[in-house]
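*Asks:* Take this structure, written in structure tokens, and hold onto it; I'll ask about it next.
No lab work stands behind these numbers, since they all come straight from the coordinates. Here the structure is a predicted model, which means the values were calculated and not measured. Cβ sites come from the backbone with ideal geometry, for glycine too, and all protein chains shown count toward neighbours.
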Amino acid sequence: MNDPPRHRPSRPLPPYAHVPGRTPHPTRASDGHSHRAAPITPTHVPAERWADDDAYLWGVDLYNAGYFWEAHEAWEGLWRGARGRDTTQRRFLHGLIQCAAACLKAAAGDRQACRRLAARAVERLEQARADGGDLVMGLDLERFVAEFRHFAASDPLVIAHRPALRLGSPPSAR
């Protein structure tokens, strides 16, 4: 299948994908790819306006390009910002964060941790689907959850076989 398109192609990807224990920590290590970068506090964007959410789309680009730690970081501020607001959006973002963490564990060679995190991710994404329908923030949850579940159960676990986040058209484009 083709690689999904980048949503923020003008933003360069980091020089390396961080894997704990293998690469310098991006913010704490003096040679980390984001050392001394100004922290960005994302602004809450309602779920229905996902196509305007730079942090969400940047996280999608990072995940699809194999930058799992970085995708987790991009979405975490959004997840925290959704507290007390849209529960579906919050569950959805938490599920994506856990998908990224599961992929990070797979990239590090920890199959058991990957599978534990994948099970939690799938559970949260299924809750978001039950609350918000099949399409949440542009992602077909029925399809993605089935593909992610299959990926996490595969043996051998091959990170290159993870499902991509393929977003549909924004609501205003339909």
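*Asks:* Which of the trypsin sites (Lys or Arg not before Pro) across the range 26-109 are loop residues per DSSP, with 10 or fewer other Cβ within 10 Å?
*Replies:* Of the trypsin sites (Lys or Arg not before Pro), the ones in loops of the range 26-109 whose Cβ has at most 10 other Cβ atoms within 10 Å are Arg28, Arg36, Arg83.
*Asks:* Tell me the label-point distance for the pair Gln112, Ile40, using the 7 Å Cα-to-Cβ offset, in nm and rounded to one decimal.
*Replies:* 3.7
*Asks:* I've got another one for you. First measure r as the distance between the Cβ atoms of Ala146 and Ser10, then evaluate 1/(1 + (r/R0)^6) with R0 = 45 Å and state the FRET efficiency to the nearest 0.05.
*Replies:* Once the sixth-power term is evaluated, E becomes 0.85.
*Asks:* Neighbouring Cβ atoms within 10 Å as the yardstick, rank Asp31, Asp134 fewest first.
*Replies:* Lowest count first: Asp31, Asp134.
*Asks:* Still on this structure, I have one more. Ranked by Cβ crowding within 10 angstrom, fewest neighbours first, how are Leu141, Leu62 ordered?
*Replies:* Ordered by Cβ neighbours within 10 Å, fewest first: Leu141, Leu62.
*Asks:* Please rank Ile159, Ile97, fewest neighbouring Cβ atoms within 10 Å first, as an exposure proxy. Show your work: numbers first, answer last.
*Replies:* Values: Ile159 16, Ile97 24.
In order of increasing Cβ crowding within 10 Å: Ile159, Ile97.
*Asks:* Rounded, prolate or oblate: which one fits the range 1-56, using the alpha carbon gyration tensor with axes a ≥ b ≥ c (rounded when a/c is under 1.5, else prolate when a/b beats b/c, else oblate)?
*Replies:* Cα axes put the range 1-56 in the oblate bin.
*Asks:* FRET efficiency for Ile159 and Arg120, Cβ-Cβ distance as r, R0 = 22 Å, nearest 0.05?
*Replies:* E(calc), rounded to 0.05, equals 0.75.
*Asks:* Now for a separate question. Roughly how many whole Å is it from the C-alpha centroid of the range 77-117 to that of the range 1-73?
*Replies:* 14
*Asks:* Same structure again: If I require 27 Å or longer along the helix axis, counting alpha carbons, and a Kyte-Doolittle average no lower than -1.0, what helices from the chain are left? Use full DSSP H segments.
*Replies:* 87-107, 111-132
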